[in-house]
Every structure is written in C-alpha cells, then in structure tokens.
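Enquirer: Sharing a structure below in structure tokens format, with a few things to ask.
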Amino acid sequence: MDIGIDDKTRGKIADGLAHLLADSYTLYLKTHGFHWNVTGPMFNTLHLMFMDQYTELWNALDPIAERIRALGHPAPASYSQFVKLSSIEEEAGVPGATDMIRQLIAGQEAITRTARGIFPVVDKAGDEPTADLLTQRMQIHEKNAWMLRSLLEGGEQALPATGKRKKK
C-alpha cells in the first residue's frame with residue numbers, strides 16, 4: 001500500500017480509530033438501551049433525543065470502520081473487541097433518567113477525547129481524510145454533550161431513584 005503514509009503510522013492511526021469505533025458502538029448500544037427504558041416526566045423529550053443520538057451514532061460506525069479498512073487494517077467487529085478497546089463503561093441496569101443523561105454526557109465527552117487523542121499522529125502524517133472524520137465526530141459529540149448538559153441545568157434536577165425534585 002502506497003498512499004503517502006508509512007505502514008507504522010497507518011497502524012497507529014488505525015489503532016486510534018479502532019478505539020473510536022469501540023467507543024462509538026458502546027455509546028450507541030447504551031443510548032439505544034436508554035431510549036427503550038427511560039421513564040418519568042421527561043419521557044417523550046428523552047425518548048426522542050436518545051433516538052436521534054443513537055441513530056446518528058449508528059450512521060457513524062461505517063465511516064469509521066471503512067477508514068480503518070482504507071488504511072489497510074481490519075476493523076474490530078465483535079463485542080469482546082469493543083469491550084477491550086472502549087473507554088466507555090457498559091450499563092447493565094436501568095438507571096433513572098437523570099443518571100442516564102449523566103452517563104450519556106460522559107460517553108459523548110469520552111468519544112471527543114478519544115478522537116482528539118488521535119489528532120497528533122494524524123496531523124503529523126498529513127492524513128486529511130482521517131482529520132476530517134475526527135473533526136466531524138468531535139463537533140457532533142461536543143454538541144450532543146452540551147444538549148444533554150442543558151437538561152441538567154436550571155437549579156433543579158430529578159433524583160434518579162424517586163423522580164422527586166430538589167434544589168441544587
């Protein structure tokens with residue numbers, strides 16, 4: 001393969017993208033599960049927001065995996081690989097709506113950090129296609145985190161266990 005990026009550098013970039021793919025898939029699965037299981041007074045708002053976010057995440061998986069392949073490396077494609085590569089923890093239970101929001105904020109921010117962490121090697125290699133992909137992903141995840149954080153602002157927040165409100 002001769003695309004102007006040496007084998008070792010392509011391997012480093014592909015490895016970083018594999019982590020991004022694992023984070024994205026893990027957050028997709030978590031967001032979809034929360035969409036199915038959210039309850040409470042903000043049900044409709046959260047149900048729809050989570051659907052928008054998991055749909056966007058689902059649509060992001062192919063471009064990330066295909067970029068890994070274009071760099072000449074196999075894309076991870078199993079749950080066991082994703083668990084090893086992801087910086088996002090799975091959620092086995094059904095947390096309250098406020099905790100769901102907090103976990104999704106953390107996930108959106110984790111993906112942003114993962115993408116940002118790949119940039120030094122991508123920039124040094126002059127890998128503009130990967131840089132473009134990373135820039136798009138960071139923009140989306142920073143916006144999603146902001147929108148989710150906005151749900152927790154305003155001086156009140158729902159308690160996950162009871163659904164009651166308390167002042168900060």
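The values are calculated or read from the model by the stated rules, or taken from the named source; none is laboratory data. From a predicted model like this one, the values you see are computed outputs, not experimental measurements. Reconstructed Cβ throughout: ideal geometry from the backbone, glycine too, with neighbour counts over all protein chains shown.
Enquirer: Just give me the residues in the stretch 130-144 being within 19 Å of G72 (Cα to Cα) and surrounded by 14 or more Cβ atoms within 10 Å (Cβ to Cβ), in sequence order.
Expert: Initial filter on the stretch 130-144 (within 19 Å of G72 (Cα to Cα)): 130-134.
T130, A131, L133, L134, listed by residue number.
Enquirer: Does the stretch 17-26 contain any residue that is free of Cβ contacts under 8 Å to residues at least 40 places away in the same chain and either assigned to a helix (DSSP H, G or I) or surrounded by fewer than 16 Cβ atoms within 10 Å (Cβ to Cβ) (or both)? Full working, then the answer.
Expert: Filtering the stretch 17-26 down to residues free of Cβ contacts under 8 Å to residues at least 40 places away in the same chain leaves none.
No.
Enquirer: For the stretch 111-129, give me the residue count where each residue is under 14 Å from the mean Cα position of the chain (by Cα), of a type outside the set (S, T, Y) and buried (at least 18 other Cβ atoms within 10 Å of the Cβ).
Expert: 2
Enquirer: Right, another one. All but one of (1) at pLDDT 95 or above; (2) within 14 Å of the chain's Cα centre (by Cα) hold for D6, so report the exception by its number.
Expert: So the condition that D6 fails would be (2).
Enquirer: Next question, about the same structure. Contact list please: Cβ distance under 7 Å, first residue in the stretch 62-86 and of a type in the set (F, W, Y), second residue surrounded by 13 or more Cβ atoms within 10 Å (Cβ to Cβ) and in a helix (DSSP H, G or I), pairs at least six apart or on different chains.
Expert: Here the result reads F82/A22; F82/Y25; F82/T26, each pair linking the stretch 62-86 to a residue that is surrounded by 13 or more Cβ atoms within 10 Å (Cβ to Cβ) and in a helix (DSSP H, G or I).
Enquirer: Determine the pairs where a residue that is hydroxyl-bearing (S, T, Y), located within the stretch 127-138, has a partner that is at pLDDT 95 or above and in a helix (DSSP H, G or I) with Cβ atoms under 8 Å apart, the partner being 6 or more residues away or on another chain.
Expert: Taking only residues 6 or more apart or on different chains, the pairs are T130/I13; T130/L17; T130/R67; T130/I118; T130/V122.
Enquirer: What number of residues in the stretch 34-60 are buried (at least 18 other Cβ atoms within 10 Å of the Cβ) and either under 13 Å from the mean Cα position of the chain (by Cα) or in contact (Cβ under 8 Å) with a residue 24 or more places away in the chain (or both)? Give the derivation first.
Expert: Start the filter on the stretch 34-60 by keeping residues that are buried (at least 18 other Cβ atoms within 10 Å of the Cβ), which leaves 34-35, 38, 46, 49-50, 53-54, 57, 60.
Imposing the further condition that a residue be either under 13 Å from the mean Cα position of the chain (by Cα) or in contact (Cβ under 8 Å) with a residue 24 or more places away in the chain (or both) reduces the set to 34, 38, 46, 49-50, 53-54, 57, 60.
Counting residues in the stretch 34-60 that are buried (at least 18 other Cβ atoms within 10 Å of the Cβ) and either under 13 Å from the mean Cα position of the chain (by Cα) or in contact (Cβ under 8 Å) with a residue 24 or more places away in the chain (or both) gives 9.
Enquirer: Tell me, please, whether a residue that is of a type in the set (A, V, I, L, M, F, W, C), surrounded by fewer than 21 Cβ atoms within 10 Å (Cβ to Cβ) and at pLDDT 95 or above can be found in the stretch 63-73. Explain how you work it out, then say what you get.
Expert: Residues of the stretch 63-73 of a type in the set (A, V, I, L, M, F, W, C): 64-65, 68, 70-71.
Then drop every residue that is not surrounded by fewer than 21 Cβ atoms within 10 Å (Cβ to Cβ), which leaves 65, 70.
Then keep just the ones that are at pLDDT 95 or above; that gives 65, 70.
For the stretch 63-73, residues of a type in the set (A, V, I, L, M, F, W, C), surrounded by fewer than 21 Cβ atoms within 10 Å (Cβ to Cβ) and at pLDDT 95 or above: present.
Enquirer: Condition check: surrounded by fewer than 19 Cβ atoms within 10 Å (Cβ to Cβ), within 30 Å of G40 (Cα to Cα) and not basic (K, R). Does G93 satisfy that?
Expert: yes
Enquirer: How about the stretch 96-124: which of its residues are of a type in the set (A, V, I, L, M) and farther than 17 Å from H19 by Cβ? Full working, then the answer.
Expert: To start, the set of residues in the stretch 96-124 that are of a type in the set (A, V, I, L, M) comprises 97, 100-101, 104-106, 110-111, 115, 118, 121-122.
The answer is A97, M100, I101, L104, I105.
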